[in-house]
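A.B. asks: Just passing along the structure, written as structure tokens.
The values are calculated or read from the model by the stated rules, or taken from the named source; none is laboratory data. The shown structure was predicted, so the numbers you read here are calculated from the model rather than taken from an experiment. No Cβ is skipped: glycine too gets one built from the backbone with ideal geometry, and neighbour counts run over all protein chains shown.
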Amino acid sequence: MNKIKKTLFSEKPVTLDKNSLIMAIESSCDETACAIVKGGREVIANVVASQIKIHQAYGGVIPEIAAREHLEAINVVIDETFKQAGVKGSDITAFAGTVGPGLVGCLLVGMNAAKTLSLAYDKPFIGVNHLNAHLAANFIDTKLEPPFIALLVSGGHTQIIKADSYSKMEIIGETIDDAVGEAYDKVARLIGLPYPGGPKLDKMAQEGNPFAFKLPEARVGGYDFSFSGLKTAVLRLVKSFDESEMPVKDICASFQECVSTTLLKKVKHALEETGYKQVVLAGGVAANSEIRRKIFNLKDEGYDVYAPVMKYCTDNASMVASSAYFFNNTFDNIDVEVFSRA
Ligand code: KG4
Ligand code: ZN
């Protein structure tokens, strides 16, 4: 793994190797995060400032408020990361920042901070795709190398990815409507759970009967998914009960059973078709208890299964540093701009 990177001012190229320290910044949504990672796998410092409490009052992320909060937090988060790591800016090999997809105003704060550091210390800037970063969370503290099949489930995306190498990755399936995290958050709102609904719904589901209600699994071709019909079915089910008598835990468990079964069927199919023996789970919804349980069950069938520990499932900057180290991307250029959609 020897990647050659250029800085803006110096003629001498920089090589990334096992001893490289990458400082990365993540600010694509409602977490301001900074981290320093050595050789793509060893986290030296990981700092996350969450805005959840601020957005809770509105029941969701308000982009303008999020961007302003990032501005407030960014310098403190960077200082704290240097402090925790015990290193100086001049010790860093390259600076990385998420450039998209995400909320543009939010991305601008983190990316420009990373670019500024790279110019100030004359080190390369590496722009990172947020989805690649979620996948790269699986490199932290492991020996994982491609090829593998990945299930990426987040607030904005649901994809099955065939990763042949660090530079060749193909999305072989994705949702045609709602993302899994989005479906969790919408269903949570339907049954009156506060934002962010996904983790709360998961908790309720663990105490309910997953087979209490038979919810419809969408029939979509290939490796694609659809979750909007399921959401409507839950809405109909919710409306069929008086609020005081609604079996909330059973509804949550039945929804969770339907989602996790659908996801795992397609992942298994992809593994069988490709013959790949490694499978990785990634994205914020990788924190979900039932999806984790079902994917880890694939171990019994001879597959190597990877899923990040909880703190690297949801948005963080260690995964961004790891992505900058391992994946070949086209954003490592100081002139790159942020983008909102994948
Ligand atoms: O990856 P992420 O931070 O968002 C994007 O990058 O889009 O993931 C956030 C999503 C939210 O929709 C949240 O509700 C969901 O992940 N989530 C969960 C759980 N923890 C987070 N969904 C279901 N069960 C969980 N335990
Ligand atoms: Zn994310």
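A.B. asks: Taking segment 185-202 as the region of interest, how many residues are within 11 Å of Phe255 (Cβ to Cβ), free of Cβ contacts under 8 Å to residues at least 60 places away in the same chain and more than 10 Å from ligand 1 (Cβ to nearest atom)?
C.D. replies: 1
A.B. asks: Between a first residue in segment 269-281 that is of a type in the set (Val, Ile, Thr) and a second residue that is assigned to a loop (DSSP other than H, G, I, E, B), which pairs have beta carbons less than 6 Å apart while being 6 or more apart in sequence or on different chains?
C.D. replies: Sorted first by the residue in segment 269-281, then by its partner, the pairs are Val279/Tyr303.
A.B. asks: Do you know which of the residues in segment 143-191 that are touching an Asp or Glu at 6+ places or on another chain (Cβ under 8 Å) and under 30 Å from Ser244 (Cβ atoms) is surrounded by the fewest Cβ atoms within 10 Å (Cβ to Cβ)?
C.D. replies: Taking the candidates together, the pick is Lys186.
A.B. asks: For segment 27-43, check the following and say yes or no: at least one residue is closer than 22 Å to Asn328 by Cα, touching a strand residue (DSSP E or B) at 6+ places or on another chain (Cβ under 9 Å) and hydroxyl-bearing (Ser, Thr, Tyr).
C.D. replies: So far as segment 27-43 goes, yes, one or more of its residues are closer than 22 Å to Asn328 by Cα, touching a strand residue (DSSP E or B) at 6+ places or on another chain (Cβ under 9 Å) and hydroxyl-bearing (Ser, Thr, Tyr).
A.B. asks: Among the candidates Lys231, Lys214, Lys268, which residue alone is out of contact with any Pro (no Cβ under 8 Å at 6 or more places or on another chain), farther than 28 Å from Asp304 by Cβ and in a helix (DSSP H, G or I)? Break it down into steps so the answer makes sense when it comes.
C.D. replies: Values: Lys214 fails: in a helix (DSSP H, G or I); Lys268 fails: farther than 28 Å from Asp304 by Cβ.
So the residue among Lys231, Lys214, Lys268 that is out of contact with any Pro (no Cβ under 8 Å at 6 or more places or on another chain), farther than 28 Å from Asp304 by Cβ and in a helix (DSSP H, G or I) is Lys231.
A.B. asks: State whether the residues of segment 55-67 include one that is closer than 25 Å to Asn333 by Cβ, within 23 Å of the chain's Cα centre (by Cα) and not aliphatic (A, V, I, L, M). I'd like the intermediate steps shown before the answer.
C.D. replies: Let us first name the residues in segment 55-67 that are closer than 25 Å to Asn333 by Cβ, namely 67.
Add one more test, that the residue is within 23 Å of the chain's Cα centre (by Cα), and what stays is 67.
Add one more test, that the residue is not aliphatic (A, V, I, L, M), and what stays is none.
Among the residues of segment 55-67, not one is closer than 25 Å to Asn333 by Cβ, within 23 Å of the chain's Cα centre (by Cα) and not aliphatic (A, V, I, L, M), which makes the answer no.
A.B. asks: Do you know which of the residues in segment 24-63 that are closer than 17 Å to Gly100 by Cβ and at pLDDT 95 or above is nearest to ligand 1 (Cβ to nearest atom)? Steps first, answer last, please.
C.D. replies: Pass one, segment 24-63, residues closer than 17 Å to Gly100 by Cβ: 24-33, 61, 63.
Narrowing the set further to residues that are at pLDDT 95 or above leaves 24-28, 32-33.
Numbers: Ala24: 15, Ile25: 15, Glu26: 10, Ser27: 12, Ser28: 7, Thr32: 13, Ala33: 11 Å.
Among those that are closer than 17 Å to Gly100 by Cβ and at pLDDT 95 or above, it is Ser28.
A.B. asks: Now for a separate question. Applying the selection to segment 265-310, what residues are within 12 Å of ligand 1 (Cβ to nearest atom) and surrounded by fewer than 17 Cβ atoms within 10 Å (Cβ to Cβ)?
C.D. replies: The answer is Ser289, Arg293, Met310.
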